[in-house]
1. Name the residue, out of 251, 243, 309, 260, that is at pLDDT 95 or above, out of contact with any strand residue (DSSP E or B) (no Cβ under 9 Å at 6 or more places or on another chain) and hydrophobic (A, V, I, L, M, F, W, C).
2. Filter segment 253-286 for residues that are touching a Leu at 6+ places or on another chain (Cβ under 8 Å) and within 28 Å of residue 372 (Cβ to Cβ) and give the result.
3. Where in segment 324-435 are the strands (runs of 3 or more DSSP E), entirely inside, with at least 1 residues that are open to solvent by 60 Å² or more (accessible area, probe 1.4 Å) and of a type in the set (Phe, Trp, Tyr)?
4. Tell me, please, whether a residue that is among the charged types (D, E, K, R), in contact with a Ser or Thr (Cβ under 9 Å, 6 or more places away or on another chain) and farther than 15 Å from residue 105 by Cβ can be found in segment 17-39.
5. Here are some conditions: (1) out of contact with any helix residue (DSSP H, G or I) (no Cβ under 6 Å at 6 or more places or on another chain); (2) within 21 Å of residue 246 (Cα to Cα). Residue 339 meets all but one. Which one does it not meet?
6. If you check residue 33 against the conditions, is it open to solvent by 20 Å² or more (accessible area, probe 1.4 Å), in contact with an Asp or Glu (Cβ under 9 Å, 6 or more places away or on another chain) and not in a loop (DSSP other than H, G, I, E, B)?
7. Could you say which residue among 199, 188 is of a type outside the set (Asp, Glu), over 25 Å from residue 410 (Cα atoms), modelled with pLDDT of 95 or more and in a loop (DSSP other than H, G, I, E, B)?
8. Looking for whichever is touching an Asp or Glu at 6+ places or on another chain (Cβ under 6 Å) and touching a residue at least 12 places away in the same chain (Cβ under 8 Å) here; the options are 42, 64, 16, 74. Which one fits?
Amino acid sequence: MITLTLEPADALVDVPRQIRVTGAEPGQAVTLRTHTVRAGVPWTSEATFVADAAGTVDLERDAPTAGSYDGVAPMGLIWSQTPTVAGKRELFNSPVTEPLVTLLAAHAGEQIARATLVQRLAADGVTRTEVREDGLVGTLYLPPGPGPHPAVLILNGSGGGINEPRAALWASHGYAAFAQAYFKAPGLSDYISNTPLELFKRGMDWLRKTVRPLHDFVAVGGQSRGGELVLLLGATYPEDVSAVLAYVPGAVVHSGQNAADPAVGREGPTWLLDGKPIPHVWENNRTATWAPFDEGPAPHRHERAILTALQDPDAVARARIPVEKIQGPVILLSATDDGSWPSSLYSQMVRDRLAETGHPYPVQWLDFQDGGHSILFPYVPTTQHVYAHPVSGKISTSGGTPKDNARADAESWTGVLQFVNDAVAARAARQQGDA
């Protein structure tokens, strides 16, 4: 009789699982199938293996002979899932405190064994509070216990909205996490255009006032346009930003692009400071053209247009984010097949500038070969890299392959978590030394 075991069966989403089948005939074909309902849509995968001489299939050891993924990948059945409804990309339930439940079935001849895998974004005791005050829109996740806890401000990219999944997972690892929205959320603009940086200063001030962070530590983390933004915030408000977590960031300020207000245009400003637009790379640019992005069949690579803008060194110099003003550790995460913009090149520009100016804090750069723009956290599907942009509707590719994107998800999260833990410890040591 075959048996399907999962260890652990119920844990946080970033915990790897051991998936094993025992009791098959030696050399027997064993097919594993998954079914997960994500935001109301079923996602599925399957893979076929050959049982060893003891009648066992172990996903930590065995590669499938056919199926949704290839090679040895202990969590390949999860990251290779695809939606049964075309175009659906939402990976998490609403609220995100509702766990993801995956039903697994192992088929060996006429025998079937079943098991249930539960992935949680919020650990027991994590609390969720909607924030609608002081002009702020977002969600605060707090770890269990009275604290104080170090804090992270989490910002989304050009899709807008509130990044609750990342905030919930940070809270599950002991951080007070405020996912702040700045467009495409209740009471806010539908577009990124003309967003004042003062809004995020207010968010950091509110977070400090509300949770009184351990060691006064407030990191800022964001991906894509949010990655550009957190570098800009670190440079603009250096005394307020304890560490910068820049996922697939820009090294220069960009125009509104795909998330722009049509009345402003995609070459109009994104960020304001003191009511004035911050210069961006498309402004008075002698080489920039949208043609490589606009023309040809879908899916389109936005990165191709951005590369034309970077050929004007004067425009790049005017728009460069002055990262040397940042007064804290910086971690950069990028990928070599980023379809949205050249995050590897941008991260290198930031890293090099910090090195040139003798940045006195740790700088780490994690660059993922053949990965794409969508770097999240471990053990979620990585198959849907062609998408309709949530604002412009343009059919684009974020790049990468499912396998390489899954590796980037896993290794980036491990690296970021360790980096921030180290930054908190270093800040505590400095404060003790100053006392």
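The values are calculated or read from the model by the stated rules, or taken from the named source; none is laboratory data. Just so it is clear, the model here is predicted, and its values are computed rather than measured. With ideal geometry, Cβ positions are generated from the backbone for all residues, glycine too; neighbour counts draw on all protein chains shown. Accessible surface areas use protein heavy atoms only, side chains included; no ligands, DNA or RNA. Shrake-Rupley method; radii C 1.70, N 1.55, O 1.52, S 1.80 Å.
1. Residue meeting the stated conditions: 260.
2. 253, 271, 278, 281
3. So the answer is 363-368.
4. No - not one qualifying residue is present in segment 17-39.
5. It fails just one condition, (1).
6. So residue 33 passes the test.
7. Details: 199 fails: in a loop (DSSP other than H, G, I, E, B).
Exactly one residue qualifies, and that residue is 188.
8. Checking each option against the conditions leaves just 74.
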